[in-house]
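Undergrad: Below are the structure tokens for one structure; questions will follow.
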Amino acid sequence: MIEETFEAPTPKEAFALARSKYPHVSDLQLLRARQTAGRDGKLIAEITVAVPEEEYLASLGLSEEEELIREMQQLQSQMQRMKAAAGIRDENSETVEKVIGLLSSKGLRRDWLIQRVEPMLGTAVAEDEKLLLSYLLEEVDEGLRVVPEDLSRPRVMMMVGPTGVGKTTTIAKLAARYSYLLDRDYRVALINLDSWRAGAYEQLDNFARILHLEHRRVERIEEFAEQLDALADYDVILVDTAGISPFDTDRLIRTVEFLKSVRDREISTSLVISATAKYEDIREIYEHFNFINVENAIVTKFDETQRVGDLIAFLTERHLPVSYLSTGQKVPDDLIPAEKERILDAFTGELHA
């Protein structure tokens, strides 16, 4: 498959461009989507799709011979990068390889580790296992960020994420926390945008009735702004969205349209991800949802894994801050504001496992 990027004023128009260029490809896969600022300052929708190689070559008018030359050039470039990485192992003691091997086995990316080891090559740090390990853990510490809990002003908080990560339960935990567990009882309302999943509204509505909270259902794009206006007196509005797989274009575009329909309210977007997910899965999920300007992550199932290296690798590389950790199924007890020390302790505990 070949990756190709299309730009247009809206994601729907960008995807339409892809479909018009490849009318014979019935299952175009959306890989990434994001918003960028054009030269005139206006936002541009940019999507990247996966295209069968033969369709891509046909659109360029390339012959098989020309494509072979292109692949050889890419292979040469890849080999040069591999040699550069191998040079680090050749030029330094076994200490460097041992420490990099240990941390990469726990989920940290080898190329990320190599980049941070490079400045230390030829110094005493690179020759001492404990010093080098301590140095790299400090790099992890500096790259990891958390967002303090702040309800000093009214907030609209939208939760997005893939299916099965516990998004609706997380919203219930947040609602209970804000309503009953803090310095004062905040007025909390819930809005459900998930019209795709059977029982999605009923599940959240059950939580709302138990907690005696206002709960609204929105099915049409224009209703979203209307409901936000109707709930303007509330301290916190929590918005549940449909769980979306990385290739579900229709649901992504609909979520974007909901956000674009509201222009006079600031909406913060939290990506709900599982601590049990692999690095590649987390990256794919993030790139899919980052089109809607994800501000922070809420990590669920933090109690269900003893391997958080993949999670930490992603968070530090993308500088995505964490706002909350979900540590169990109890509402609202098993949800806590994110603490860097707790995340790091979970990772350093792996090193001795």
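What follows draws every value from the coordinates through simple rules; no lab data is involved. Note that the structure is a prediction, hence the values are computed from the model and not measured. Cβ coordinates were reconstructed from backbone atoms using ideal geometry, including for glycine residues, and neighbour counts include every protein chain displayed.
Undergrad: Taking 7 Å along the Cα-to-C-beta vector as the label spot, tell me the residue 137-residue 336 distance in nanometres, rounded to one decimal.
TA: 1.9 nm
Undergrad: Which lysines have a Cα lying under 20 Å from the Cα of residue 21, excluding residues fewer than 8 positions away in the same chain?
TA: In chain and number order, the partners are 12.
Undergrad: For the pair residue 43/residue 20, report the inter-label distance in nm, with labels modelled 7 Å from Cα in the Cβ direction.
TA: Calculated label separation equals 2.2 nm.
Undergrad: Using the Cα centre of segment 155-351 as the reference point, and only Cβ charges (+1 on K/R, -1 on D/E), how large is the resulting charge dipole? Debye, rounded to the nearest 20. Spell out each step's value before the answer.
TA: Numbers: 24 positive and 34 negative charges, 21 e Å.
So the dipole magnitude of segment 155-351 works out to roughly 100 debye.
Undergrad: Working out 0.36 nm times the residue gap between residue 35 and residue 329, then minus their Cα-Cα distance, what length gain in nm do you get to one decimal?
TA: Length gained, residue 35 through residue 329: 102.3 nm.
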